[in-house]
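Okay, so here's the structure we're looking at.
The values are calculated or read from the model by the stated rules, or taken from the named source; none is laboratory data. Keep in mind it's a predicted model, so treat the numbers as computed, not measured. Cβ atoms come from the backbone with ideal geometry, glycine included; neighbour counts cover every protein chain shown.
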Amino acid sequence: MEKLADAAAKTNQGVMTVVLQHSGLTADHRMDPANKKATMSIAIPDPAGDTLRAELIQIGTDLYVRTRDLPGVPKMWMHIGVATLPAGSSFNLLAESDHTGAADLVSCVVTAKRKGGADFVGTLDLTRSHSISRKVLDGLGPKATAVPFSAVTSPDGNFFEFNIDVPSVDPTYGALRYTYSRSDGVDAKRPAASEVTDITALPRSVIDRFEL
């Protein structure tokens, strides 16, 4: 447990990229907390066979969101203050103390053991998480309290991969796979003013589709 907590702490240091894959969804989250900027691209399969996409840019407390795939939603960049988001929203790309979400995952660990030098296996109580999708938690019900996981740490001690084996307790849900990598920086710039529309709240359809 201590080694996993140490890995989470190291993962939250410096510039990181976290990629989440789940049931066809891919979310690529790049963050530079020291310079207060981050980006995220989200791709979600649609029942009709299409792919819905959203782009997010956060600079300081300013959030810009754009999706061109939802009817009734502005096609321009929507600008909103991060403070207006609900607590725990995945649209806040620079969460104060756990911007990668690694500490949140470790807080769910119930049992853990080493499987090789850098590999860990065990079980999670996902009801402790503030980042796992509410849809998944509600669907799993009591089974969410004992979900197998595996994790791999890098030679530097931070997480390299964290896998949550949801199908082993409910095959109607896909596995959750997080991969972590370091980079030199994040290419995040404010969109041109002519491409931005100010809003007071994100459209409900955007939240329902793209909230992780």
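Which one is nearest to residue 160 (Cα to Cα) among residues in the range 22-33 that are at pLDDT 95 or above and either more than 17 Å from the chain's Cα centre (by Cα) or surrounded by fewer than 17 Cβ atoms within 10 Å (Cβ to Cβ) (or both)?
Applying the filter and picking the extreme gives 28.
Among the residues of the range 98-108, are any in a strand (DSSP E or B) and surrounded by 14 or more Cβ atoms within 10 Å (Cβ to Cβ)?
no
Picking from 153, 172, 179, 197, which residue would you name as being more than 19 Å from residue 21 (Cα to Cα) and among the β-branched types (Val, Ile, Thr)?
None of the other options fit; the residue is 197.
Which residues, taken from the range 41-66, are surrounded by 16 or more Cβ atoms within 10 Å (Cβ to Cβ) and touching a Pro at 6+ places or on another chain (Cβ under 9 Å)?
52, 57, 64, 66
For the structure I just gave you, tell me whether residue 190 is modelled with pLDDT of 95 or more, basic (Lys, Arg) and touching a Leu at 6+ places or on another chain (Cβ under 9 Å).
For residue 190, the condition - modelled with pLDDT of 95 or more, basic (Lys, Arg) and touching a Leu at 6+ places or on another chain (Cβ under 9 Å) - is not met.
Anything in the range 49-95 that is small (Gly, Ala, Ser) and in a strand (DSSP E or B)? List them, or say none.
Keep residues of the range 49-95 that are small (Gly, Ala, Ser), which gives 49, 54, 60, 72, 81, 83, 87-90, 95.
54, 81, listed by residue number.
For (1) of a type in the set (Phe, Trp, Tyr); (2) closer than 26 Å to residue 33 by Cα; (3) at pLDDT 95 or above, each residue gets a yes or a no:
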position	(1), (2), (3)
59	no, yes, yes
85	no, yes, no
113	no, no, no
119	no, no, no
122	no, no, yes
127	no, no, yes
139	no, no, no
151	no, yes, yes
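Could you check how many residues of the range 34-72 are under 17 Å from the mean Cα position of the chain (by Cα), under 18 Å from residue 97 (Cβ atoms) and of a type in the set (S, T, N, Q)?
Counting residues in the range 34-72 that are under 17 Å from the mean Cα position of the chain (by Cα), under 18 Å from residue 97 (Cβ atoms) and of a type in the set (S, T, N, Q) gives 1.
Where residues in the range 149-181 are of a type in the set (D, E, K, R) and within 16 Å of the chain's Cα centre (by Cα), which of them is nearest to residue 212 (Cα to Cα)?
Checked the range 149-181; the qualifying residue nearest to residue 212 (Cα to Cα) is 177.
Going through 73, 65 one at a time, which residue ends up being more than 24 Å from residue 179 (Cβ to Cβ) and touching a residue at least 12 places away in the same chain (Cβ under 8 Å)?
73
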